[in-house]
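None of the figures in this text is laboratory data; all of them are computed from the coordinates on show. What you see is a predicted model; the values in this text were computed from it and never measured. Cβ coordinates were reconstructed from backbone atoms using ideal geometry, including for glycine residues, and neighbour counts include every protein chain displayed.
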Amino acid sequence: MKEVAIIGPTASGKSALALKIAQQTEALILSLDSLAIYKKIDIVSAKPSKEELALVPHFGIDEIYPDEYFSVERFFTLYKKAKRCCQKENRPLIIVGGSGFYLKALHEGLSPMPHFTQATKQKVKELLHDISRAYSFLQKIDPKFASKITPKDRYRIQKGLLIFFETQLPPSHYFGLNPPKPLTHSKIFEIDIPREILRRRIAQRTHQMIRKGLVDEICSLEKEYGRAITPMKAIGIKETLEYLDGKIKDLDGLANQIILHTAHLAKRQQTFNKTQFPRRFSEETKELEKKIIEELAD
């Protein structure tokens, strides 16, 4: 099965390129977008339209509700589902999106987890009633593992405690005995886009989101889910909440703040891709399209 990944900063045109290539090669698409995974978050995520989604089967879009927890393990499940579908239909897979962390995890893999008994789950559940106490306990049994996470990282504290109580091994020792295995060795193609063009595309997309009803979408999300859920911290959402609170005075100010923060995100994404994917092929969009089609056709 042929498989490629398309990366690049936000608003660089990754999704459009993936859709165009998928139509030419009969590929399926797996989204790496951290907001498009959620149902009801449509405008601010700039997810493909219903018409575009109908053209090519997509995975990783509209998979869970905003108040559901998403993790790299759940992403792996989506990847395996997409891969099985591609193998069954003898079609290539295009992985595309700005969340490089998930792509890096696919290339590095995760350690296999032991089966957790109900007794172990209950023991950890009781400990987690006091997150500070649970973290202190984790520090005692495995200071190395605990030093890599924050005292409020409930998910990783829980994982460390589950491993300890089930295996009687400190988590860092367990992971040393069970090293991760890569799930993919896909070639990585990066869109190389000049900074001034990217900044212009970010501005255009931001103004388009506002015209489409960004403020109404965030109002609806807040009314249904409140502000504590993870997606409400995303760029585009947090600024809109500030606008609703009166901290940002008008829509022009809202647009300016989103553009500024999105540009900063794009810079971080480019740095991440450069440092974490040294073997990526980086080129402007037209040349990249040719290279990817050649790769999928070989």
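Structure summary
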| quantity | calculated |
| --- | --- |
| Computed label-point distance, nm, for sites residue 187 and residue 119 using a 7 Å Cα→Cβ extension | 5.3 nm |
| Once the Cα gyration tensor of the stretch 118-177 is diagonalised, semi-axes √(5λ) in Å | 16, 15, 8 |
| The stretch 72-224, relative contact order in percent, only Cα pairs under 8 angstrom and at least six apart counted | 25 percent |
| Euclidean distance between Cα centres, the stretch 1-35 to the stretch 78-106, Å | 10 Å |
| In sequence order, calculated HN-Hα J values of the stretch 199-207 (Karplus, 6.51, -1.76, 1.60; Hz; x Gly/Pro) | 4, 5, 5, 4, 5, 4, 5, 4, 5 |
| Listed residue pairs exceeding 32 Å between alpha carbons, taken from 144/181; 88/181; 50/152; 148/212; 2/50 | 50/152; 148/212 |
| Student exercise, the stretch 113-213 dipole from Lys, Arg, Asp, Glu Cβ charges, in Debye to nearest 20 | 540 debye |
| Inter-site label distance for residue 294 and residue 200 at 7 Å from Cα along Cβ, in nm | 2.8 nm |
| Protection proxy ranking, peptides 92-105, 11-24, 243-256, average beta carbon neighbours within 10 Å, highest first | 92-105, 11-24, 243-256 |
| Segment residue 89-residue 178, length gained on full extension (0.36 nm per residue, minus Cα span) | 28.7 nm |
| Packing-based exposure ordering (other Cβ within 10 Å, fewest first) of 86, 219 | 219, 86 |
| Hz values of 3J(HN,Hα) by residue in the stretch 5-10 - Karplus curve (6.51, -1.76, 1.60), Gly and Pro given as x | 10, 10, 10, x, x, 4 |
| For the stretch 275-288, 3J(HN,Hα) per residue [Karplus equation, 6.51 cos²θ - 1.76 cosθ + 1.60, θ = phi - 60°, Hz, x = Gly/Pro] | 7, 9, 10, x, 9, 5, 9, 10, 7, 5, 4, 4, 5, 5 |
| Neighbour-count order for 211, 91, fewest beta carbons within 10 angstrom listed first | 211, 91 |
| Partners for residue 290 among aspartates and glutamates (Cα-Cα distance below 16 Å; same-chain residues under 8 apart left out) | 3, 26, 190, 192, 298 |
| 10 Å Cβ shell holding at most 16 others, DSSP loop, GluC sites (Glu not before Pro): longest site-free stretch of the chain | 69-283 |
| Nonlocal amide H pairs with residue 189, under 5 Å, H built at 1.01 Å | 5, 6, 7, 281 |
| DSSP-defined antiparallel bridges as percent of all bridges, the chain, nearest 5 | 5 percent |
| Bins of 10 Å, starting at 0 and running to the largest distance - Cα pair percent for the chain | 6, 24, 30, 25, 14, 2 |
